[in-house]
Amino acid sequence: MVNPSGTAGNVPKLTPTGDAFGVGTSTIWLQGDATNGIPGIKAGDLIYFLAATGTTIQTVTKIDASNVYFEVNDPFNFNQRGAAAGSITQILGPAMTVRRVFMYTYYVQEETVGIPRLMRALNMYPATALAGVIEDLDMYYDIVDGVVNPVNISDLPYTANSVTYTASQIRKVNVHVGVRSESKSSKTNDYLRNHVSTVISLRNLAYVDRYK
């Protein structure tokens, strides 16, 4: 068992294969902290592991009274302990930091026919509707290679002039959302519409400390 720190039995311990950890006496992992608005770990959560040899993410597939499990074939396909790189087995060691990760997914879905809504899903939990009726949702990426720096790329990987660009080179996301009212205006006999455009700079990627 991998014992991150502290007295044996008092801290979470990861199995030798990284497919589960026992919380020991740290039951707050499973119970949560209602005072500070922190829910307990549950299936669908993403857990980030940081060790001296690297980092990885695993998906919680189930829990019981004292353990958190990371079974294979998880919804995100993160729990690949036999992968050539990026798996939990490559970073197992005597000490490790563990954090919960929140991943938000946005997409458009018709809840009823003809009424597409902007949906938001946290990790693998059920999605909730944010807005409707969505008429337009576009995302384009600005990517960096230090030379060409292509902009407004709609899909990745992207190849130009025999150079292939990947998602790891994204530095800015250009987002455009168009919505309309659910019913027509009595004055114009048409829907009210609003379109918003913005840009998102990816933290820790878009900015570089130039003051050495």
(request) Look at Glu111 and say whether it is among the charged types (D, E, K, R), closer than 27 Å to Gly44 by Cα and in a strand (DSSP E or B). (result) yes
(message) Please count how many residues of segment 121-130 are surrounded by 13 or more Cβ atoms within 10 Å (Cβ to Cβ), in a loop (DSSP other than H, G, I, E, B) and on the phi < 0 side of the Ramachandran plot.
(response) 2
(message) Out of everything in segment 137-157 that is buried (at least 16 other Cβ atoms within 10 Å of the Cβ) and out of contact with any Lys or Arg (no Cβ under 8 Å at 6 or more places or on another chain), what residue ends up being nearest to Arg120 (Cα to Cα)?
(response) Ile153
(request) Would you be able to say whether some residue in segment 145-157 is part of a strand (DSSP E or B) and acidic (Asp, Glu)? (result) no
(request) Just need a number here: residues in segment 23-52 that are closer than 19 Å to Asp74 by Cβ and among the small types (Gly, Ala, Ser). (result) 3
(message) Among the residues of segment 3-25, are any touching a strand residue (DSSP E or B) at 6+ places or on another chain (Cβ under 8 Å), within 30 Å of Arg180 (Cα to Cα) and in a loop (DSSP other than H, G, I, E, B)?
(response) no
(message) Can you report the number of residues in segment 158-190 which are assigned to a loop (DSSP other than H, G, I, E, B) and of a type in the set (S, T, N, Q)?
(response) 9
(request) Taking Ser26 as the residue in question, decide whether it is at pLDDT 90 or above and more than 27 Å from Thr105 (Cα to Cα). (result) no
(message) Suppose we filter Asn123, Asn189 for residues that are of a type in the set (S, T, N, Q) and farther than 30 Å from Val60 by Cβ; which single one remains?
(response) Asn189
(request) Would you mind stating whether Val133 is among the aliphatic types (A, V, I, L, M), closer than 30 Å to Arg193 by Cα and open to solvent by less than 40 Å² (accessible area, probe 1.4 Å)? (result) yes
(request) Evaluate the following for Leu118: is it part of a loop (DSSP other than H, G, I, E, B), touching a residue at least 12 places away in the same chain (Cβ under 8 Å), under 18 Å from the mean Cα position of the chain (by Cα) and within 24 Å of Ser197 (Cβ to Cβ)? (result) no
(message) Which pairs turn up if I take residues in segment 145-164 that are of a type in the set (Gly, Ala, Ser) and look for partners that are part of a loop (DSSP other than H, G, I, E, B) and open to solvent by less than 80 Å² (accessible area, probe 1.4 Å) with beta carbon separation below 8 Å, at least 6 apart in sequence or on another chain?
(response) Ala160/Pro150
(request) State whether one or more residues within segment 84-94 are among the hydroxyl-bearing types (Ser, Thr, Tyr), open to solvent by less than 40 Å² (accessible area, probe 1.4 Å) and under 22 Å from the mean Cα position of the chain (by Cα). (result) yes
(request) Would you check if Leu50 is crowded, with 16+ Cβ neighbours inside 10 Å and either touching a Pro at 6+ places or on another chain (Cβ under 7 Å) or among the aliphatic types (A, V, I, L, M) (or both)? (result) no
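The values are calculated or read from the model by the stated rules, or taken from the named source; none is laboratory data. As the structure is a prediction and not an experimental result, all values here were calculated from the model. Don't worry about glycine lacking a Cβ; one is built from the backbone with ideal geometry, like all the others, and counts go over all protein chains shown. Ligands, DNA and RNA are stripped out before the accessible areas are found, and what is left, the full protein with its side chains, is counted by its heavy atoms. Shrake-Rupley method; radii C 1.70, N 1.55, O 1.52, S 1.80 Å.
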